[in-house]
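Notes to accompany the following structure.
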Amino acid sequence: MDLNKLFIAIVAASSLALTACGGSSSSSDNDQQDSGTKTGTETGADTSPDSFSFSNRSDVELQTITNSDPITLSGFDGTLTATVTNGYIMLNGADLGVSTQVEAGDEIQITQTSSADFSTNITSTLTVGDVSAEFTTTTRAADASPYAFGLTPITDATPGAEYSSTTVTLSGFEGRLALTFDNGLAVVNGALHSSGVMVEEGDTVYFNLTASSDYDTTVTKNISLGDYSTTFVVTTETAAVVFDGIYDDTYNVGSDAFLDMSVAYGGAGIAEVTLLKRVGNGSAELLNTTIDADDKTLANVKSVNYYNANKASKIASFKDAFLNDTLVATCMSGEAFVDRSETPWFSGLTQGTIDLHMSSDPNTVISLDDNYIYVDSNDVEYSLVGCEGLTEATLLTTSDSTEATYTMAGVMRFAALTPAPPFGNDLADLYALVTISITLDSAISAFGSGKEAGNMTDFDFNVLHTYSGTGDLMLNVAATSDNEIYVATVLDGYSVYRQNRIERYTTTDGWENVFHSTSNPFTGMEENWDVSNMVVTQDINGSDALYLVNEDSGLVAFDLTAMNGSALTEPALLAADDYDRCTGVLAHNGGYTTSTASLWCHDSSNEGQMLEFTPPLLTDIRVKAAVARPDNHTFIQQLVSKEEAEQIKAELEGAGAEVEVK
């Protein structure tokens with residue numbers, strides 16, 4: 001027998017015997033070996049690692065490199081291949097690309113670049129052996145709060161016209177946002193859009209909006225971008241002034257002149273217009289026509305009547321129910337005379353009167369009981385030489401169905417009845433604010449043309465206030481519906497300096513100064529103003545305003561609702577919308593209220609034509625008044641000593657002001 005082979009066989013047999021013995025030594029050992037995880041056997045290494053996972057990331061910035069939390073690999077033998085999709089592997093702190101060999105105990109992470117878009121996921125998958133796990137990043141939401149962009153409102157827009165907003169550059173937000181709007185178009189980067197459009201930061205945009213076809217009306221475009229909202233607003237201009245009216249085709253330019261105008265409101269939109277005209281030869285004419293407020297077309301005056309030659313100066317009219325006619329009260333001045341039968345000669349004036357005429361028959365005078373107007377002052381009798389102004393007559397009382405009393409206010413000029421020079425003294429004319437009441441009896445309804453009314457009328461005359469200083473003038477008068485009387489005056493003989501004034505009289509407060517200025521509101525110059533007519537009426541919102549005209553052209557307005565204590569605010573010269581065509585005479589519709597209020601004036605651009613228009617809104621008057629006075633002159637009146645005055649003057653001049661001390 002070969003001994004070497006025998007030794008090998010013995011050794012082999014011994015090994016088998018030992019194996020068998022070990023295998024049968026304990027069943028519990030066998031169970032422990034079977035339940036163990038990945039311990040390896042003589043048959044091969046364990047290649048299945050323990051499971052692993054990653055925590056996801058949210059609110060990540062766009063396109064940002066983001067690392068997962070590190071994990072430690074375990075549960076496998078030898079080396080395994082690790083791969084990643086949509087990312088990179090960082091192993092034990094080193095960046096190793098998309099694939100590498102790993103061993104149990106290695107620390108591994110996923111490196112990933114987040115999305116370039118907002119609120120978007122990017123997922124990377126790491127595979128080690130036969131085990132995989134995902135790592136996801138989610139980018140943050142976009143900032144949808146753009147910077148505010150205000151769009152300047154459009155005012156005084158032409159009805160029906162299209163307007164564009166200011167152009168804005170969108171900013172302050174991220175990504176793309178929906179720009180939504182209504183009522184018209186948007187222009188984004190030069191392209192028109194009629195509905196919503198996606199926009200980005202840096203885009204330019206403006207909006208188109210068509211104004212309302214109505215006056216004084218606002219149209220709004222609502223605009224939204226992200227969580228921001230705004231509007232674009234277009235408001236049309238105040239109702240265009242409708243210059244309807246009447247035309248006197250007998251008017252001779254250069255020689256004729258309208259002295260006064262009165263409008264009596266007859267209800268139902270009917271107004272009767274009465275004009276007092278001086279013709280070239282010095283006589284006077286009373287003209288009248290009826291205008292339907294619903295059909296204000298240009299119409300020739302219906303009748304022309306001569307009356308009372310050259311003494312008439314101002315008129316006021318009112319609708320009387322008893323006569324079913326418009327009655328015209330006319331201020332008739334006294335006439336000068338010289339009585340040579342006396343020694344010394346005596347010059348004076350016949351007494352002036354208030355006459356009453358029927359509009360339908362202006363040549364006929366309705367006699368008023370004791371209608372002479374005169375004033376006694378300091379034992380001197382003054383006779384009426386002219387009316388500067390009369391307010392419209394209003395129904396004051398109706399005691400019963402048999403009587404009606406009408407009242408008006410007037411500014412009148414009186415001259416003293418004195419001996420003729422050189423024997424007498426010259427006295428300044430006296431100006432007086434007066435009230436006149438005319439009471440009519442129902443029996444006057446039987447009054448016929450050419451007849452005397454007799455005791456069917458009553459006349460009352462009352463002096464409220466007088467001016468008698470040299471250079472002190474009352475120019476004109478207007479009254480409100482609640483008996484506030486406003487008078488335009490000039491105090492040229494004032495103790496310190498000239499003043500143009502608006503003064504007010506009420507039964508409770510008496511006579512008070514509510515406005516004064518050294519400047520003429522019609523011209524802006526430092527001079528006396530000329531007020532040929534003035535009225536109080538309401539704008540379309542029902543607010544009182546005082547309007548004045550002069551002998552040149554232009555309409556000056558005071559806002560009576562904006563009193564500063566007992567003082568009126570700055571007046572406004574209305575030069576737009578053809579208001580500057582108004583000259584000479586001014587009247588308001590006797591209806592007074594908002595539904596019937598209108599103004600009439602003489603058209604300086606077409607003499608002989610009377611214009612009717614809607615009173616301007618007080619909001620417009622306030623805007624114009626705010627810039628009415630020039631800023632280069634400030635007038636200060638303060639009573640101080642001469643030394644104090646010189647000190648104040650030096651201080652103001654040191655500050656660059658021009659100062660005049662009086």
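The values are calculated or read from the model by the stated rules, or taken from the named source; none is laboratory data. From a predicted model like this one, the values you see are computed outputs, not experimental measurements. Cβ coordinates were reconstructed from backbone atoms using ideal geometry, including for glycine residues, and neighbour counts include every protein chain displayed. Calculation scope for accessible area: heavy atoms of the full protein, side chains included, ligands and nucleic acids excluded. Shrake-Rupley method; radii C 1.70, N 1.55, O 1.52, S 1.80 Å.
For the range 115-129, which residues satisfy the criterion of being at pLDDT below 95 and open to solvent by 50 Å² or more (accessible area, probe 1.4 Å)?
Ala116, Asp117, Phe118, Ser119
Going through the range 374-417 one residue at a time, which ones are β-branched (Val, Ile, Thr) and at pLDDT 70 or above? Spell out the reasoning first.
Within the range 374-417, the first condition is being β-branched (Val, Ile, Thr), and the residues that meet it are 375, 380, 385, 391, 394, 397-398, 402, 405, 407, 411.
Across the range 374-417, the qualifying residues are Val375, Val380, Val385, Thr391, Thr394, Thr402, Thr405, Thr407, Val411.
Out of (1) within 32 Å of the chain's Cα centre (by Cα); (2) of a type in the set (Ser, Thr, Tyr); (3) modelled with pLDDT under 70, the odd one out for Tyr307 is which?
In the conditions (1) within 32 Å of the chain's Cα centre (by Cα); (2) of a type in the set (Ser, Thr, Tyr); (3) modelled with pLDDT under 70, Tyr307 misses (1) alone.
Take Ser212 and decide whether it is in contact (Cβ under 8 Å) with a residue 60 or more places away in the chain and either open to solvent by less than 40 Å² (accessible area, probe 1.4 Å) or charged (D, E, K, R) (or both). Break it down stepwise before answering.
On the way: in contact (Cβ under 8 Å) with a residue 60 or more places away in the chain: no; either open to solvent by less than 40 Å² (accessible area, probe 1.4 Å) or charged (D, E, K, R) (or both): yes.
In short, no.
Of (1) more than 19 Å from Asp46 (Cα to Cα); (2) aliphatic (A, V, I, L, M); (3) surrounded by 12 or more Cβ atoms within 10 Å (Cβ to Cβ), Ala94 satisfies all except one. Which?
Exception for Ala94: condition (3).
Looking at this structure, is Phe232 outside any loop (DSSP other than H, G, I, E, B), of a type outside the set (S, T, N, Q) and crowded, with 19+ Cβ neighbours inside 10 Å?
So Phe232 fits the description; yes.
Give me a count of the residues in the range 523-558 that are among the small types (Gly, Ala, Ser), open to solvent by 10 Å² or more (accessible area, probe 1.4 Å) and within 24 Å of the chain's Cα centre (by Cα).
The number of residues fulfilling the criteria is 2.
How many residues are surrounded by fewer than 18 Cβ atoms within 10 Å (Cβ to Cβ) and touching a residue at least 40 places away in the same chain (Cβ under 8 Å) if we restrict to the range 166-200?
6
If we scan the range 313-336, do we find a residue that is in contact with an Asp or Glu (Cβ under 8 Å, 6 or more places away or on another chain), at pLDDT below 75, open to solvent by 20 Å² or more (accessible area, probe 1.4 Å) and not in a strand (DSSP E or B)?
Yes: the range 313-336 contains one or more residues that are in contact with an Asp or Glu (Cβ under 8 Å, 6 or more places away or on another chain), at pLDDT below 75, open to solvent by 20 Å² or more (accessible area, probe 1.4 Å) and not in a strand (DSSP E or B).
Conditions tested, residue by residue: (1) in contact with a Gly (Cβ under 8 Å, 6 or more places away or on another chain); (2) assigned to a loop (DSSP other than H, G, I, E, B); (3) small (Gly, Ala, Ser).
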| position | (1), (2), (3) |
| --- | --- |
| Tyr163 | no, no, no |
| Gly172 | no, yes, yes |
| Leu177 | yes, no, no |
| Val187 | no, no, no |
| Leu192 | no, no, no |
| Val199 | no, no, no |
| Tyr206 | no, no, no |
| Leu209 | yes, no, no |
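When the range 515-545 is examined, which residues are found to be out of contact with any Phe, Trp or Tyr (no Cβ under 8 Å at 6 or more places or on another chain), among the hydrophobic types (A, V, I, L, M, F, W, C) and touching a residue at least 12 places away in the same chain (Cβ under 8 Å)?
Val531, Ile540, listed by residue number.
Out of Pro153, Pro159, report the one residue that is open to solvent by 50 Å² or more (accessible area, probe 1.4 Å) and touching a residue at least 60 places away in the same chain (Cβ under 8 Å).
On inspection, the qualifying residue turns out to be Pro153.
So in the range 24-80, with the set limited to residues that are open to solvent by 50 Å² or more (accessible area, probe 1.4 Å) and of a type in the set (A, V, I, L, M, F, W, C), which one is modelled with the lowest pLDDT?
It comes out as Ala45.
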